[in-house]
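The values are calculated or read from the model by the stated rules, or taken from the named source; none is laboratory data. Given the structure is predicted, the values throughout are model-derived calculations rather than measurements. Cβ placement follows ideal geometry from the backbone for every residue including glycine, while neighbour counts extend to all protein chains displayed.
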Amino acid sequence: MEKIGFILHGKVRGKKEIKESLIAGFSLDYSVRFYETIHPRHAEHLTDLALHEGCDFVIAVGGDGTLNEVVNGYLNAGGNDKFNASLGVLPLGTGNDFARNLKLNKSIGQLEHLVKSNQPRLLDAGKMEMKLPDGSTNTRFFDNIADLGFGAEVVARVNGVHLRKILLGGTLTFVLAILRTFSSYRHKNARITWDGFEWEGKVLCLVVAKGRYFGSGVGVAPGARPDDGMFEVVIFADLSIMDYLRYYSKLRRLEKIDHPEVTYHRTNKLCVESTGKPIIIEADGEIEGHAPVVFTCLPGALRFLVP
């Protein structure tokens, strides 16, 4: 009998009912195992454990952050080169932007269909290598979007208001965090380079995207594709806060912004350095560190269940 490992966020709302529904949906045909997180980054260790215990499916039950940890655990354990497990997600978090990109929903019925058909699609992952003050390198992976600057500071605010996320829901929580961040944010000075390209100046936000959405449905990267081996890089340069607000509705509609301070690019590798104050990096809704950072696209690194 094949094994399913559900990596369950320990604070997910309605946890008891969710577990009962998953048991009802899968226990007749699969050996069901639950791995429940109890602290940050715990899902990475639990994913490694599930893989080494022979799980044929590893399913993140939670939000974009839980899935990010599962992806990191999977790739650090050896990924496709070592395991034949299929990855999946039951999106029950604040933003659920990875799921939005791939038309995944909260239906256990949809997840049952994907598991039973087991026709995973090879999706790309992003790798970040961040230099630490002691000279060592911190390597992290992401499945959707990484960004530096304004977006990362919004995420830092969102991640500090767990109760508000439950009461208000994802979209309103992010909108309020955006408005609050506007009052204190100052543009960063950055240098962005890759083969044949160099840019330096003030930046409101820099997005390195495999998915099209972040921030609970903000369509920041309309040209991003999850399996084309390339990043869509969006530079919001010396764009004013008022301009960002003016174009926010277009971003919600997944439309490109026609403005001289907003540019769209494609590359599979880039380097970002700060030329002033530190620049925070976030990926998939989790704060990861500071620039300097090297981003590399890893084609087909994730064997993932999608419609």
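Structure notes:
- Index of the failed condition, Lys277 passing every other in (1) in contact with a Ser or Thr (Cβ under 8 Å, 6 or more places away or on another chain); (2) at pLDDT below 95: (1)
- Filter result for Glu198 (part of a strand (DSSP E or B) and surrounded by fewer than 16 Cβ atoms within 10 Å (Cβ to Cβ)): yes
- Picking from residues in segment 107-157 that are in contact with a helix residue (DSSP H, G or I) (Cβ under 7 Å, 6 or more places away or on another chain) and not hydrophobic (A, V, I, L, M, F, W, C), the one that is farthest from Val272 (Cα to Cα) is Glu112.
- Filtering segment 276-293 to residues that are of a type outside the set (A, V, I, L, M) and assigned to a loop (DSSP other than H, G, I, E, B) leaves Gly276, Lys277, Pro278, Asp284, Gly285, Pro292.
- Residue in segment 250-264 that is at pLDDT below 95, farther than 14 Å from Ala146 by Cβ and crowded, with 22+ Cβ neighbours inside 10 Å present: no
- Selected residue (criterion: farthest from Gly196 (Cα to Cα)) from residues of segment 256-275 that are in a strand (DSSP E or B) and aliphatic (A, V, I, L, M): Val262
- Of the candidates Asp238, Asp227, the single residue that is outside any helix (DSSP H, G or I), of a type in the set (Asp, Glu), in contact (Cβ under 8 Å) with a residue 24 or more places away in the chain and under 25 Å from Leu104 (Cα atoms) is Asp227.
- Scan of segment 128-148 for residues that are surrounded by fewer than 21 Cβ atoms within 10 Å (Cβ to Cβ), of a type in the set (A, V, I, L, M) and more than 10 Å from Ile281 (Cβ to Cβ), ordered by number: Leu132
- Restricting segment 201-218 to residues that are assigned to a loop (DSSP other than H, G, I, E, B) and modelled with pLDDT of 95 or more, the residue that is farthest from Cys297 (Cα to Cα): Tyr213
- Output for segment 58-87, where each listed residue is surrounded by fewer than 23 Cβ atoms within 10 Å (Cβ to Cβ) and touching a helix residue (DSSP H, G or I) at 6+ places or on another chain (Cβ under 6 Å): Ala77, Phe83
- Considered as a group, the residues in segment 201-218 that are among the aliphatic types (A, V, I, L, M) and surrounded by fewer than 24 Cβ atoms within 10 Å (Cβ to Cβ) include one that is farthest from Gly93 (Cα to Cα), and that residue is Leu204.
- Against the test of being more than 21 Å from Asn138 (Cβ to Cβ) and of a type in the set (Asp, Glu), the options Asp48, Asp64, Asp97 yield a single qualifying residue, Asp97.
- Residues located in segment 103-116, provided they are surrounded by fewer than 20 Cβ atoms within 10 Å (Cβ to Cβ) and not in a helix (DSSP H, G or I): Lys103, Asn105, Lys106, Ser107
- Lys131 being out of contact with any Asp or Glu (no Cβ under 8 Å at 6 or more places or on another chain), among the charged types (D, E, K, R) and in the same structural domain as Ile287 (by TED's automatic domain parsing): yes
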